[in-house]
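To start, the structure under review is shown below, and the notes come after it.
The values are calculated or read from the model by the stated rules, or taken from the named source; none is laboratory data. From a predicted model like this one, the values you see are computed outputs, not experimental measurements. Cβ placement follows ideal geometry from the backbone for every residue including glycine, while neighbour counts extend to all protein chains displayed. In case anyone asks, the SASA skips ligands and DNA or RNA and just uses the protein heavy atoms, side chains included. Shrake-Rupley method; radii C 1.70, N 1.55, O 1.52, S 1.80 Å.
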Amino acid sequence: MWYFVSPQIVFGAGALDAIDGLKGRRALVVTDGPLVELGLVDRVKAHLDKAGIEMHVFDGVEPDPSVRTVRRGAEVALDVGPDWIVGLGGGSAMDAAKAIWVLYERPDIDPAAINPFDDLGLRQKARLITIPTTSGTGAEVTWAIVLTDTEEQRKMGLGNRENVADMAIVDPVMAAGMPPQLTADTGLDALTHAVEGYTCTWHTDLSDGLCVRAARLVFENLPRAVADGSNMAARERMHNAATCAGLGFGNAMAAIAHSMGHVLGSVFHVPHGRAVGLCLPYTIEFAARTAPERFAELASVLGISQAGGEAGARALAARVRDLSREIGDPTCVTEMGIAREAYEARLEKLVDDAFNDTQVVAAARMPSFEEMERLFVCAYDGDPADF
Amino acid sequence: MALKFPSDEWIKELGQLLNASASYERSAKNWEGNFIFVCEPDETYDSAAYLFLGLYHGKSTGAAMLESEDEREAQFVIRATFSAWRQVIEGKLDPIQGMMMRKLKLKGDMKMILRYVAAAKEIVSCCALIPTDFGS
């Protein structure tokens, strides 16, 4: 027994038109300041106006949103009284929107305790729409919420199946303005979701196909989208890839690349997609020694290698690194300019926090503390994980 | 020799295995909170059982089978049927997935639990190391 959870998904050019037919009185758009300045909030407002829905905006979401931020957002929601919450942005804005929605409906809940084991009883006051403006996070279709504990410099993997959006609007025009670096970083996030969703121990028949398709779309379209941001065909395929990968891993699980990436992000402020994409090949190589089957199978299905076993898995890792190089992303921590002394000084925290990150539970091969430390060292130096 | 589940011997063995686990000690180094595992009757087991496991800063501070749930103070209580516990111990049911499917019901500070995923996984790993007799 398991579940497959998904919002209604409206996708492709013109998907924003779906807003025109909504019924409601007030919407609270949860977003960040730059998206207001870029005019993306105005685009949504135009459609809300057509629906006769009054728009309010909470634009205080920062990258890697904190518990404090979502509490502030929830106060705004309680003040405005919306019947729609709209998460507009990348993963940070959409995750914040999910958490703000939960707190709006359930002010008694501690956001750091939003978990998949309790019944929340949402949708008494409002429903949730997600509109991604990047192509990678998949947060538009997942129930995961990542918030940051700013005091402990730690990302918290939270969420509940109930807090999946009611509607995801996946319109490529909303991601058309991404600069190349953001396109590259978020695209690697989508690839990491696809690979980890396919290879984690919680994968299912229903999630597998989505992950394979997403990985193929990323390999084929990410370099084109990075090289030429005006290539709307590539943009649209990447936008779809991110949603497919979100559905895939969101109904399975992520794995160690996310555990490591969360910690790199919270301690050294590395953008999420860049961090998980950098860690992914090392974690594939680590799994290749004792649990290569799913990785080799994915390599085979994608036409990367028919070698099978450890060789097949390592070929997949090599292909991920090749993609990173092609789109200008780092393949090791040194390339990000983080000093060795600073890295080594935080190594124990990196290992401890990665080990207790919620994403480790479904790893194909679970590392020991010592092995996790070696993985972080390999990721720093760029040495293949061969143990 | 296989130890009967649920029993006083079984939960004491789990406590000893945890105390021998360097991995558990590190992953739970700041953990504070005792558990009671409630084994609820089902078609294969006809009475309730209560297993207490004291846990503090990476060590087990005590383990015992109780007469009732109220006999000892515990910050966390996990309830499941005998069959569900058996699946967890035999490695056929991931306990996190079990909780998401409501086959295992956890009561306690969720914020705390979510911070110690690796420790929880280590406890389950130790359960799987115990030669267990589930009866006929």
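In percent, what relative contact order does chain B have, based on Cα pairs under 8 Å that are 6 or more apart in sequence? Can you show the working numbers first?
Values: 244 pairs, mean separation 41.5, N = 136.
Once normalised by length, the contact order is 30 percent.
Rounded, prolate or oblate: which one fits the range B:3-130, using the alpha carbon gyration tensor with axes a ≥ b ≥ c (rounded when a/c is under 1.5, else prolate when a/b beats b/c, else oblate)? Spell out each step's value before the answer.
Details: a/c = 1.39, a/b = 1.28, b/c = 1.08.
Rounded is the answer for the range B:3-130, as its axis ratio a/c remains below 1.5.
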Inset, instruction - Determine ³J(HN,Hα), in whole Hz, for all residues of the range A:164-169 in sequence, where each value follows from phi through the Karplus function 6.51 cos²θ - 1.76 cosθ + 1.60 and θ = phi - 60°; x replaces Gly and Pro. - result: 5, 5, 6, 9, 10, 10
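Need one number: % antiparallel among DSSP beta bridges in the protein assembly as shown, to the nearest 5.
On the way: 24 of 54 bridges.
Approximately 45 percent, going by the DSSP bridge assignments.
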Legend entry - Interface area, B with A, accessible, probe 1.4 Å, both sides summed, Å² nearest 100: 2500 Å²
Inset, instruction - Using a 10 angstrom cutoff on alpha carbons, build the Gaussian network for chain A and name the most mobile of A:Thr201, A:Thr243, A:Thr283. - result: A:Thr201
Inset, instruction - Quickly work out the B:Ser7-to-A:Ala51 label distance, labels modelled 7 Å from Cα along the C-beta direction, and quote it in nm with one decimal. - result: 6.2 nm
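Mean separation of Cα pairs under 8 Å and 6+ residues apart, divided by the residue count of the range A:9-125: what relative contact order is that in percent? Working shown, then result.
Numbers: 167 pairs, mean separation 32.7, N = 117.
Answer for the range A:9-125 is 28 percent.
On the protein heavy atoms, probe 1.4 angstrom, tell me the percent of accessible surface of chain A carried by carbon and sulfur. Present the calculation step by step, with values, prior to reporting the outcome.
Details: 6660 of 13370 Å².
Answer for chain A: carbon and sulfur cover 50 percent of the accessible area.
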Legend entry - With every protein chain in place, chain B: carbon and sulfur % of accessible area (1.4 Å): 50 percent
Inset, instruction - Please list the non-local residues whose amide H lies under 5 Å from the amide H of A:Gly60, H modeled 1.01 Å from N, same-chain partners needing a gap of 5 or more. - result: A:Thr31
Legend entry - Where chain A is the region considered: accessible area per residue in Å², 1.4 Å probe: 35 Å²
Legend entry - Nonlocal amide H pairs with A:Arg154, under 5 Å, H built at 1.01 Å: A:Asp149
Inset, instruction - Could you run the Karplus curve 6.51 cos²θ - 1.76 cosθ + 1.60 with θ = phi - 60° over the range A:327-340 and give me ³J(HN,Hα) per residue in whole Hz, x for Gly and Pro? - result: 9, x, 8, x, 10, 8, 5, 4, 5, 8, x, 8, 5, 4
Legend entry - Mean ellipticity per residue at 222 nm, deg cm²/dmol - from DSSP H runs of n ≥ 4 across chain A, formula -39500 (n - 2.57): -16000 deg cm²/dmol
Legend entry - Between helix A:272-290 and chain A: long-axis angle, C-alpha atoms, 0 to 90°, nearest 10: 40 degrees
Legend entry - Local net charge near B:Lys29, Cβ-Cβ under 13 Å (Lys/Arg +1, Asp/Glu -1): -2
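With each run of n ≥ 4 DSSP H residues scored as -39500 (n - 2.57), what mean residue ellipticity at 222 nm is computed for chain B after dividing by its residue count and rounding to the nearest 500 deg cm²/dmol? Walk me through the numbers before you get to the answer.
Details: 6 runs with 51 residues, N = 136.
Taken over chain B, the calculation gives -10500 deg cm²/dmol.
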Legend entry - the range B:3-130: antiparallel DSSP beta bridges as a percent of all, rounded to 5: 75 percent
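Please give the net charge around B:Lys107, taking every other residue with its beta carbon less than 11 angstrom from that of B:Lys107, where Lys and Arg add +1 and Asp and Glu add -1. Display every interim value, and only then the final one.
Numbers: positive: B:Arg79, B:Lys105; negative: A:Asp118, B:Glu69, B:Asp109.
Result for the neighbourhood of B:Lys107: -1.
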Inset, instruction - Scan chain A and hand back the longest stretch that contains none of the GluC sites (Glu not before Pro) lying in DSSP loops with at most 15 other Cβ atoms within 10 Å. - result: A:153-387
Inset, instruction - Can you find, among A:Val320, A:Tyr104, A:Gly39, the residue farthest towards the positive end of the dipole of the protein assembly as shown? Put +1 on the C-beta of Lys and Arg, -1 on that of Asp and Glu. - result: A:Gly39
Legend entry - Cα long-axis angle, helix A:91-105 against chain A (0 to 90 degrees, to the nearest 10): 50 degrees
Legend entry - Residue among A:Thr142, A:Thr290, A:Thr192 with the largest mean-square fluctuation in a Gaussian network model of chain A, springs linking Cα atoms under 10 Å: A:Thr290
Inset, instruction - Go ahead and set up a Gaussian network model of chain A, Cα springs under 10 Å, then flag whichever of A:Gly121, A:Gly246, A:Gly273 fluctuates most. - result: A:Gly121
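Between their Cα atoms, which of A:Lys349/B:Lys121; A:Lys155/B:Lys92; A:Lys23/A:Lys45; B:Lys4/B:Lys107; A:Lys98/B:Lys121; A:Lys155/B:Lys111 are more than 21 Å away from each other? Let's see the in-between values first.
Numbers: A:Lys349/B:Lys121 19 Å; A:Lys155/B:Lys92 30 Å; A:Lys23/A:Lys45 15 Å; B:Lys4/B:Lys107 26 Å; A:Lys98/B:Lys121 28 Å; A:Lys155/B:Lys111 13 Å.
Listed pairs above 21 Å: A:Lys155/B:Lys92; B:Lys4/B:Lys107; A:Lys98/B:Lys121.
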Inset, instruction - Under 10 Å from the Cβ of A:Val29, count the other residues' Cβ atoms, weight Lys and Arg +1, Asp and Glu -1, and hand me the total. - result: 0
Inset, instruction - Mind giving me the nanometre distance, one decimal, between the label points for B:Asn30 and A:Asp381, set 7 Å out from Cα along Cα→Cβ? - result: 3.0 nm
Inset, instruction - Whole Å is fine, so just give me how far the alpha carbon centre of the range A:265-285 lies from that of the range B:69-136. - result: 31 Å
Legend entry - Overall form of the range A:126-174 per C-alpha gyration tensor (a/c, 1.5; a/b vs b/c): oblate
